[in-house]
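Since the structure comes first, as C-alpha cells, the remarks are kept for the end.
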Amino acid sequence: MAENKQYITQIQDNGTVMISEDVICSIVSHCVNDVEGVESICSKPVADIAEIIGKKNWGKGLKITIGEDDSVTVDCNINVVYGQSVVTVAAAVQEAVVAAVEPMT
C-alpha cells in the first residue's frame with residue numbers, strides 16, 4: 001500500500017528527504033483543532049471502514065494533494081461553532097495551516 005502514498009521529495013548532499021502525505025495530514029489536523037471557532041473536522045460515516053482497508057485519511061475530512069512541483073494542496077472540511085462567522089473562521093484556518101505546514105516541511 002505504500003506505493004499509493006504521495007511524498008514531497010528533496011534531494012540533498014547527504015541523501016534524500018521524503019515527507020509523507022500522512023505527516024502533513026497529522027500536522028494539519030492538529031493545527032486546525034486549535035483554531036478558535038472550529039468545532040471539529042468533518043468526517044464521513046465510512047471513515048472507520050476506510051481505515052481498516054488501508055485508506056487512512058479517506059473520509060476524515062482532510063485531503064492532501066502533492067503536485068508534480070512538490071506543491072501541497074490541503075482540502076479541509078470543518079464544522080464551525082454556532083454563532084461564529086464562517087468567513088472569519090475559514091480565514092483563520094487557512095492562516096493556521098500555512099503557518100504550521102510551511103516551517104515543518
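Each value in this text was obtained by applying a stated rule to the coordinates, not by laboratory testing. If you're wondering where the values come from, they're calculated on a predicted model, not measured in any experiment. FYI the Cβ positions are ideal-geometry reconstructions off the backbone, even for glycines, and counts take in every protein chain you see.
Take the Cβ atoms of Thr88 and Ser29, set R0 to 25 Å, and the FRET efficiency comes out at 0.75. Backbone geometry of segment 89-105 corresponds, through the Karplus equation with coefficients 6.51, -1.76 and 1.60 at θ = phi - 60°, to 3J(HN,Hα) couplings of 5, 4, 5, 5, 5, 4, 5, 5, 5, 4, 5, 8, 6, 4, x, 7, 10 Hz, x marking Gly and Pro.
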